[in-house]
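Down below is the structure, laid out as structure tokens.
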């Protein structure tokens, strides 16, 4: 799962049973310099809490006894592999584009709050920049990079799908006409942009380029790892295979991320 959906692989994960509430800083005043005769001013610290509930993830398939008996030996492992792939796709989607908890009047089921969704919900979307399809330029890249707070620079990576990497990022050149997408020979040929590792993630939409410190900017709690349970139905001569997990996730801070995406309507 982590190979196909590296954002899910990179995020910070905990394994606490039940509902997990985490404290995160909201605003904080700076320290200041004083002379001996001056009293230290009161600092201001405000905090927010982030609550991770248990969102149920499941995928089922039914196989007839006849098909199992007549199928080749590789059939059942293939079914289980496909179920794992579907569960992995849901985890990848959840960490980047999940809708979160339904609000008043909304009927969708609870999902993790994806980082892209969270950035798009911010007032005036300060961490998002847009560009016209096929026109991504060096200025767009550095403008988005500047939105990430310097404290999150270490571990910053770029996440995008294959189409975006090879039709948009690969065509961007710096002021000297050199491509900014370069192979890191010392790291097995993995690609980098301005020192950021470029990771192909199938959960990202066309045109989306996410610059993110995933391990410090997003957190997930796993109540139950993916498991597969089977149930036999003797009279119907069928077997149900059901994959199941309980997971939730949310963005810790928007300052660890920046998003480039196509302009509305493209």
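Each value in this text was obtained by applying a stated rule to the coordinates, not by laboratory testing. Bear in mind the structure is a predicted one, so any value in this text is a computation, not a measurement. With ideal geometry, Cβ positions are generated from the backbone for all residues, glycine too; neighbour counts draw on all protein chains shown.
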* Pick from 106, 232, 168: which residue has the top mean-square fluctuation in a GNM of the chain where Cα pairs under 10 Å get a spring? -> 106
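Relative to the present Cα-Cα distance, how much length would full extension add between residue 130 and residue 64 at 0.36 nm per residue of separation? Spell out each step's value before the answer.
Details: separation 66, 0.36 × 66 = 23.76 nm, distance 5.00 nm.
Working it through step by step, the gained length comes to 18.8 nm.
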* Distance between segment 74-92 and segment 177-220 - C-alpha centres, whole angstrom -> 26 Å
* **residue 242-residue 190 pseudo-label distance in nm [points 7 Å out on the Cα-to-Cβ vector]** => 3.8 nm
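Subtract the Cα-Cα distance of residue 85 and residue 110 from 0.36 nm times their separation in residues, and report this length gain in nm to one decimal. Intermediate results must be reported in sequence, preceding the final value.
Numbers: separation 25, 0.36 × 25 = 9.00 nm, distance 2.08 nm.
Extending this stretch completely gives an extra 6.9 nm.
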* List the residues of segment 215-256 whose backbone N lies under 19 Å from a point placed 7 Å from the Cα of residue 56 along the Cα-to-Cβ direction. => 221-232, 240-249
* Asked: Of the residues 134, 151, 18, which exhibits the maximal mean-square fluctuation in a Gaussian network model of the chain defined by a 10 Å Cα contact cut-off?
  -> 151
* Asked: How do 135, 164, 117 rank when sorted from fewest to most other Cβ atoms within 10 Å of their own Cβ?
  -> 135, 117, 164
* So what is the 222 nm mean residue ellipticity for the chain from helices alone, if each DSSP H run of at least 4 adds -39500 (n - 2.57) and you divide by all residues, rounding to the nearest 500 deg cm²/dmol? -> -6000 deg cm²/dmol
* To do: Kindly provide log₁₀ I(q)/I(0) values, in the same order as q = 0.11, 0.17, 0.21 Å⁻¹, from the Debye equation applied to equal alpha-carbon scatterers of segment 147-266.
  => -0.54, -0.96, -1.23
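Using the C-alpha atoms of the chain, what convex hull volume per residue, in cubic angstrom, is computed? Show your work: numbers first, answer last.
Numbers: hull volume 57.0 nm³, N = 266.
Value for the chain: 214 Å³ per residue.
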* To do: Using only Cα positions of segment 9-86, each an equal point scatterer, no hydration layer, compute I(q)/I(0) via Debye at q = 0.11, 0.27 Å⁻¹ and quote the log10 values to two decimals.
  => -0.64, -1.27
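Provide the gained length on full extension for the span residue 227 to residue 42, in nm with one decimal, where the gain is 0.36 nm per separating residue minus the Cα-Cα distance.
That pair, residue 227 and residue 42, stretches by 61.4 nm at full extension.
Which whole-number percentage describes the relative contact order of segment 172-266, with Cα contacts under 8 Å and a sequence gap of 6 or more?
On the way: 114 pairs, mean separation 24.4, N = 95.
In percent, rounded to a whole number, it is 26.
If you wrap a convex hull around the C-alpha atoms of segment 52-176 and split its volume per residue, what is the figure in Å³?
Roughly 218 Å³ of hull volume per residue.
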* Structure fact -> Nearest 10, in degrees from 0 to 90: the angle of helix 75-97 to the longest Cα principal axis of the chain is 30 degrees
* To do: Springs between alpha-carbon atoms under 10 Å, Gaussian network over the chain: tell me which of 123, 226, 246 tops the mean-square fluctuations.
  => 123
* Counting alpha carbon pairs within less than 8 Å and at least 6 residues apart, what relative contact order, in whole percent, applies to the chain? -> 29 percent
* Asked: Between residue 150 and residue 120, what FRET efficiency comes out of the Förster formula 1/(1 + (r/R0)^6) with R0 = 22 Å and r the beta carbon distance, rounded to 0.05?
  -> 0.40
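Given contacts defined as C-alpha pairs under 8 Å and at least six residues apart, what's the relative contact order of segment 63-119, whole-number percent? Numbers along the way, then the final one.
Working: 46 pairs, mean separation 14.7, N = 57.
This gives 26 percent for segment 63-119.
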